[in-house]
Structures are given as structure tokens and as C-alpha cells.
Amino acid sequence: MTVKTLINGFPRVGENRELKKVLENYWAHKISFDEVEETARVLRKKHWLLQKDAGINFISSNDFSLYDNMLDTMVLLGAVPERFAKIEDKNERYFAMARGNGDVAAMEMTKWFNTNYHFIVPELSDDLVFHLDPEKILSEYREAKELGIATKINIIGPLTFLALSKTTGRGDSFKYFDKILPLYKQLLRELAKLDESVYVQFDEPAFVKDPSATLLGLIRETYGELVAVSGKIKIIVTSYFEHAVEAVALLRNTPIWGIGLDFLYGPRNIEALQYAASKTIIAGVVDGRNIWRNDLSASLKLLEQINEAIPKERIIVSSSCSLLHSPYSVKNEPESAVKKYLAFAAEKVEEVALLATLFSFDRLFEAETSMLAENKGNLLSTLNLGVPQNGVAETCKQARDGTFRERNALQRERLNLPLLPTTTIGSYPQTQELRKARNDYRKGVIAEAAYEAAMKQYIDECVSFQEEIGLDVLVHGEPERNDMVEYFGELLAGFHFTKNGWVQSYGSRCVKPPVIFSDVSRPEPMTVKWITYAQSKTKKPMKGMLTGPVTILNWSFVRNDIPRSAVARQIALALSNEVADLQKAGITIIQVDEAAFREGYPLRKKNTAEYEQWALDAFRLAVSAADKSTQIHTHMCYSEFSGIIKTIEAMDADVLTVETARSGNKLLRVFTETAYQNEIGPGVYDIHSPRVPSPAEFREQIKARLEVLNKHKMWVNPDCGLKTRNWEEVKPALKNMVEAAAAIREEISRNADR
Ligand code: GLN
Ligand code: ZN
């Protein structure tokens, strides 16, 4: 008997990001929608055939999307908010929901569980007229069928759809359950007509994130009713990224056919098997969201463990989640020391097939045994992780000296800043010339001297602009950085950069996360030259600018054979050396950005304490070299701190700048309620919008923030870096911001005099 195989979903952007390119050309009105469709068809065909050739039994359709699967599900259910309904062309409407259109604001986008993929958040309201539009699903199925492939149809499950939706009115989104379940039933009736046997995979990742009582309470009804109308359809309910024990215990009593479980990120799913003894188990054992080659013998052991509860004929070998989170193929990478240890989506498909073959034999033959031996582990045994480095480490402290109070007194004396000091978050507009200078230097078209001159010219202009408008704490503008993680990754040892390792982040946007494959260390200073140059141009304090250890870690692919905490610690050690050097060079304020601190939180509350501990330790270690009189800033691009405020407090940054221009005071209250002691810079300029707020609008923003924050501890700054804006917007906006801060400062001192 040969064990069967399944792939949860395949990346859709294409081997050479073809989808990105056609979409962007279409949005720029350079090509017609027909050309987009044509490319999409070519990509789907190629991806299906790749899986078919590898011998995969269950290949997905409807894993494809022109933008996002949640958005597709809104279209499927007719959940199109009122403001888009008037757009007649259905493609235009679809992309307007994702990206906005003229005055119509885009829908909110947020991260898909703990990945770096973003989905569009459904907005449910009482006036929506839900109705079924299954066209996309039906046509993709038929398209594959013409190629001789009867696909398994992927659909976001009704409970996950609701759990991830927001409502515009009162109550939570589950109140729409009775409206959407009938549509799912109607859909299944349609799908049953497609073929002799049809497989449907309902993705229910909401089951893994500490599922609420409401959600759990609906599982039996949902899947009981769906199976009841499904006729000959076989229903698979799939979860990933963590264990789904509670949900599986309930699914046991529904007549679904299969349950998909992630045994890598949810080891407790082994316990779930006791409830699934009569089901087919889709066993996620090949990592769908990391890039290391599979350790075949470890996976076989895992399959054998599953086999203790489930007979082989009811086990299907699969990826742990959709391969959407992996790059396309290692084949396109240049030779490197790391290459042979990597497996991207195309290779993972082969690994799933190979594992199923190996697992099918009761006994391994010599060839397989040696193949397994060769595949065992990856680079790691020879490496020296966790060992202190660069001298500093041995003597390095776990955290900086002094309490906030002590440090604050010294810093006030040294920096002599006014009330409501103004600053910016780091980057200034990235101009075409800047990108060209960086690229030309990289390619060797221009020499180092020319490159440096270009960077210095930018810094000069940036500094003089900031002086001109009267900002209090200046930055150098980050002209030398393409990306806040990539920049440091390239200067630190232990990082590998792929050539084509693109992963979809949202819509047409792809990111190429660095690969941390070895000991991380800092061969030489990374930012000192630029910051000291910038400081030499002004008497005002120039902020040093670093990316924090947790953010570097969370935005990279990290080895899976060692704890993430060990890697975080190494990065932190490297950064603490940089902090020491900046300080030695006379820099008095250093910002350590932790944009991705929150997204590293585990999906299960039970695991958060452990994460918080090591993430916190890493941050504190990174800034431990700072003297009491050196002011440490950190920045986070969000304002939802409610569950994590104690940890933020323990990070003990002297100043924390956050994003609040859109959300207002609501989320800031948590700082007052918990009596947060340190200084805060609430964003008053929404940098995601091209709008230039007037001085009056800035005054209102600042005044509103003063209602909840202590005026002696508040800063005035934008939400985030300005690199995606242009100078025409930034110049007047910052000028207005500084003017508004000055006016309010004036007002406060006048009132104090009276
Ligand atoms: N210092 C960075 C910048 O200004 C911070 C970016 C971020 O928080 N995403 O660009
Ligand atoms: Zn930010």
C-alpha cells in the first residue's frame, strides 16, 4: 500500500513573481485585465503540474488568489461593504476593497496569525446582503480538471471567517453565523455537482488560537450541518500553526472525513489523535513556513508515532500549512554554503512525496537507509551557538544600570530638551536617486567614494531641513538602508541572503527574509560612521538608529534545531557592541526599533510567558551597554498594547514612540491605567497617508494626547518612518507638526506663569 500525499496550498506569486508584475502593470493601467487573467492561468497550470509530476494525490484549487483568500471569501459570500458596492466593474471593485480607490478607503489589513502574510479583514454589518458567488471556485476546479487533475477545493472555513471578521455595529461577528452557514451549505450543494467524488478542505486555523467558547460551541453544528448537505463530498477540516486539541475533540462527533493537523508547530496534536480515531488524518510533517530541508528520519519517526493511533491507510502525508509562506524553489539560488540545506515550496512538495513513499514500506532498504543518514539534520552540529563573542559578551551585563528615575534626571540635565520635544522615527523619503546610488554601488557601477558622497549629501540636506524647521532631536534619515532588517543582516555574520527567496506579504508585495544560518556576530561597527557624520553637522542631539534583536529575528528565517531565544541572544550581543560604540563616539540618544516585537507572540497564551521572557531579555541585553545618561528610545508601529503592557514596561526604554495618529487616545489609556513611568511619543502624523495635516490639526492631535499623557513625559513625533512618503508631503507636514508643538508648549508655559 502506498500512503497518499496532500499539499495544503501552493504559493501563487510565481517563480519569477509574474503575478506581482502583471498586477502592478494592471493597476498602473498599462495592461488589460485579460492579461492578468492569462498570467494567472499560466501560473495555476504550472503549479498544478509541478505537484502532479511529483506524485501528489491531493492538489489544491482555490488556493490561488489575485490578492488574498479572505478577500475572495468576502466575494464568495457577498460580504462587500456598502462603500464598494457602487463600483460596477467587478475587478475594479475587488481591488478597491484591497487597496482603496479615489476617496474610498481600503479595507483594513492585518497579519495572518503569526505569519508575515497579511489578509484583508472582513467588515460585517447588518445591511450586508449576503449571497453566494461561487464562480471563482467552480472555474478553477474546471480549469484543473481539463488538465486531468481533480483538485481538492480549499475554502476558508465559516468559523475562521467569522473569527477574523470585524463588525461595524454592535456585537461580535458570530452574530452573522446564521446568515453565512446557509451559504456554505448552498456552496457544497453546487460543488457536489462537479464530479463523482469531490474533496473540500475547510481551513480553520482559528481553532488553534485559544478558541473562544463561542467558536467551540459552533463546531458541531457547523460541520454536522455541512456534512448533512454535502452528499458524496468528502470534507477535510484543516488547522495549522499550533495544536487544535479542543476543536478535534468536538469534530470527533461530526461525520467529516478528514482532519488536517500541524504536528510541527502543534506537537500537542498527538494528543488530539485519541479523538480522531475514526477519521483520516492529514499529517502536516513537512514545514510549510521555514526553509530548511526536511530531516526525513525525524519526520518518519513522527509519522510512526501518529501511526500508533491511526492506521496507515488513514494517514495522508502533508505540509504543515500552505506553502504560501515559502519561496518558490531552491533551484533558482546561486551556489552557496547554505544552498544544500534549503528546501522551498517546490522541494517541499518532493519531500512530502518522498516521505510518503518511505513511510509506505514497513522496512527500509539499504538505499533508503543511507538516504536518510545523508539527510539527517542540517548544518548545525559544527556550530558554536550561544557562546559569548567579541569580548564584550563575557563582561556584558543583562540590563543597563539605574532606574528610570535616575537615568531620566541625568538625561534631562545632559540633553536639555524643551517640554514636548519633537523628533522623527528615523527614515526620510527614499528618493529615486538614493535607490539608484545604492544599486549602482552594489553592482559596482559607482565607486565607494561616489556612493559615500551621495549618502552624505542626503544626510546634509536632511539635517539642515530638520534644523530649519526646528526639530529637537534629529535623525540622519537612513539613506543607506534599503530595509531595516536586511541592512543589519548584511553587516552581521551568520546571515545568508537568498537571490530569489520571495514570499508574499500582501497583494503584490513580496519580502525576501534573510536566513540566519550560523552564529551571529558583528565583525565591525555598522552605523557609527553615518551617525557620527550626521552628528558632526549639528549641535542638536542626533539619534543613533538600530533595529532591535527581536525584530531582526522575527523578520528572518531562523534555524529550527536550536531555540529562537539563543539566536535572539546572539543578535542582542552584537547590537550591544554597536550601542557601546555609538556611545563612545559621543552619541547621546540611541533608538532601538522593535517593530515586530508583538508579532512574535505565540498563538497560545500558555506559551506567552516564555516568549516574553527571552524577547525581553534580548532587548535589555541589546541596550545594556548604554550609560545612565544615554537615552534609549524604542519604536513600535502599533498602539495595541493591552495584553502586553507589563512587558513593554519591563523593556524600560527611556522613550517609547508608537503609532496613534489614526487610533487616537483609546489605546493609549492603558499606559495611564498601568501607571507607565517612562516617556512616550504618541504618533500625531499618519505617515500611511499622503495628506498634509494643517498646524491646527496637529494642535488638536497633540492636545488630545495630552488628555491621557503627562505633559512632562510626552514627545511629539510621526507614527513611523517617512521613507514611503515624498519630500513634498513630508516637508510641510513636519513643519506644521513642529509649529503646533511650539504653540502648545507656549500655551502651557503661559498658563503656568499665571
Ligand atoms: N527607524 C525605522 C524607520 O524610520 C523604523 C521603521 C519601522 O518601524 N517599521 O524607517
Ligand atoms: Zn514604525
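The values are calculated or read from the model by the stated rules, or taken from the named source; none is laboratory data. These numbers were taken from a predicted model, which means no experiment stands behind them. Quick reminder, even Gly has a Cβ in these numbers, built from the backbone with ideal geometry, and neighbours come from all protein chains shown. Quick note on the areas: whole protein, heavy atoms, side chains included, nothing else; ligands and nucleic acids left out. Shrake-Rupley method; radii C 1.70, N 1.55, O 1.52, S 1.80 Å.
Can we say Gly477 is within 16 Å of ligand 2 (Cβ to nearest atom) and touching a residue at least 40 places away in the same chain (Cβ under 8 Å)? So Gly477 fits the description; yes.
Annotation: of all residues in the stretch 685-722 being within 15 Å of ligand 2 (Cβ to nearest atom) and modelled with pLDDT under 95, the one that is most open to solvent (accessible area, probe 1.4 Å) is His688. Across the stretch 605-638, the number of residues qualifying as within 16 Å of ligand 1 (Cβ to nearest atom) and open to solvent by 10 Å² or more (accessible area, probe 1.4 Å) comes to 2. Need the failing condition index for Val658 against (1) more than 16 Å from ligand 2 (Cβ to nearest atom); (2) touching a His at 6+ places or on another chain (Cβ under 9 Å), just the number. The single condition Val658 does not satisfy is (1).
Sort through Gln613, Gln631 and tell me the only one that's of a type outside the set (Asp, Glu), in contact with a strand residue (DSSP E or B) (Cβ under 6 Å, 6 or more places away or on another chain) and away from ligand 2 (no atom under 15 Å from the Cβ). Give the derivation first.
Values: Gln613 fails: in contact with a strand residue (DSSP E or B) (Cβ under 6 Å, 6 or more places away or on another chain).
Checking each option against the conditions leaves just Gln631.
Under the condition of being in a loop (DSSP other than H, G, I, E, B) and in contact with an Asp or Glu (Cβ under 8 Å, 6 or more places away or on another chain), which residue from the stretch 102-113 is surrounded by the most Cβ atoms within 10 Å (Cβ to Cβ)? If you could, list the steps in order and put the result at the bottom.
Let us first name the residues in the stretch 102-113 that are in a loop (DSSP other than H, G, I, E, B), namely 102-103, 105-108, 112-113.
Imposing the further condition that a residue be in contact with an Asp or Glu (Cβ under 8 Å, 6 or more places away or on another chain) reduces the set to 107-108.
Working: Met107: 23, Glu108: 12.
That would be Met107.
Per the conditions (1) open to solvent by 30 Å² or more (accessible area, probe 1.4 Å); (2) farther than 30 Å from Phe58 by Cβ; (3) in contact with an Asp or Glu (Cβ under 9 Å, 6 or more places away or on another chain), the sole criterion not satisfied by Glu123 is (1).
Under the condition of being among the small types (Gly, Ala, Ser) and in contact with a helix residue (DSSP H, G or I) (Cβ under 9 Å, 6 or more places away or on another chain), which residue from the stretch 19-64 is farthest from Gly258 (Cα to Cα)? Among residues in the stretch 19-64 that are among the small types (Gly, Ala, Ser) and in contact with a helix residue (DSSP H, G or I) (Cβ under 9 Å, 6 or more places away or on another chain), the one farthest from Gly258 (Cα to Cα) is Ser32. Per this entry, Val511 is counted among residues that are surrounded by fewer than 21 Cβ atoms within 10 Å (Cβ to Cβ) and within 16 Å of ligand 2 (Cβ to nearest atom).
All of (1) modelled with pLDDT under 95; (2) surrounded by fewer than 19 Cβ atoms within 10 Å (Cβ to Cβ); (3) away from ligand 2 (no atom under 16 Å from the Cβ) hold for Gly494 with one exception: (2).
Would you point out the residue of the stretch 723-740, among those that are among the basic types (Lys, Arg) and under 24 Å from Thr547 (Cβ atoms), that is farthest from ligand 2 (Cβ to nearest atom)?
Start the filter on the stretch 723-740 by keeping residues that are among the basic types (Lys, Arg), which leaves 723, 725, 731, 735.
Checking the rest, the ones that are also under 24 Å from Thr547 (Cβ atoms) come to 723, 725.
On the way: Lys723: 10, Arg725: 13 Å.
Per the stated criteria, the residue is Arg725.
For the stretch 639-662, what are the residues that are of a type outside the set (A, V, I, L, M) and within 16 Å of ligand 1 (Cβ to nearest atom)? Residues satisfying the conditions are Ser639, Glu640, Phe641, Thr657, Glu659, Thr660, Arg662.
Kindly indicate the residue of the stretch 581-603 that is more than 16 Å from ligand 2 (Cβ to nearest atom) and among the hydrophobic types (A, V, I, L, M, F, W, C) and also most open to solvent (accessible area, probe 1.4 Å) among those meeting that condition. Explain how you work it out, then say what you get.
Pass one, the stretch 581-603, residues more than 16 Å from ligand 2 (Cβ to nearest atom): 581-590, 601-603.
Now restrict to residues that are among the hydrophobic types (A, V, I, L, M, F, W, C): 582, 585, 587, 589-590, 603.
On the way: Leu582: 0, Ala585: 48, Ile587: 1, Ile589: 0, Ile590: 0, Leu603: 14 Å².
So, considering only residues that are more than 16 Å from ligand 2 (Cβ to nearest atom) and among the hydrophobic types (A, V, I, L, M, F, W, C), the one most open to solvent (accessible area, probe 1.4 Å) is Ala585.
In the stretch 579-599, the residues that are within 12 Å of ligand 1 (Cβ to nearest atom) form Cβ pairs under 6 Å with partners that are modelled with pLDDT of 95 or more and of a type in the set (Phe, Trp, Tyr), at six or more places apart or across chains, as follows: Ala596/Trp555. For the stretch 59-74, check the following and say yes or no: at least one residue is open to solvent by 50 Å² or more (accessible area, probe 1.4 Å) and in contact (Cβ under 8 Å) with a residue 24 or more places away in the chain. No, the stretch 59-74 contains no residue that is open to solvent by 50 Å² or more (accessible area, probe 1.4 Å) and in contact (Cβ under 8 Å) with a residue 24 or more places away in the chain. Selection over the stretch 75-90 of residues that are exposed (fewer than 13 other Cβ atoms within 10 Å of the Cβ) and closer than 23 Å to Glu204 by Cβ gives a count of 0.
Suppose we keep only residues that are acidic (Asp, Glu) and more than 12 Å from ligand 1 (Cβ to nearest atom) within the stretch 481-501. Which one would you say is farthest from Thr547 (Cα to Cα)? It comes out as Glu490. Among the residues of the stretch 550-580, those identified as charged (D, E, K, R), open to solvent by 10 Å² or more (accessible area, probe 1.4 Å) and more than 19 Å from the chain's Cα centre (by Cα) are Asp561, Arg569. State all residues of the stretch 516-540 that are within 26 Å of Arg412 (Cα to Cα), open to solvent by 30 Å² or more (accessible area, probe 1.4 Å), touching a residue at least 24 places away in the same chain (Cβ under 8 Å) and not β-branched (Val, Ile, Thr); if no residue qualifies, say none. Selection gives Tyr533, Gln535, Lys537, Lys540.
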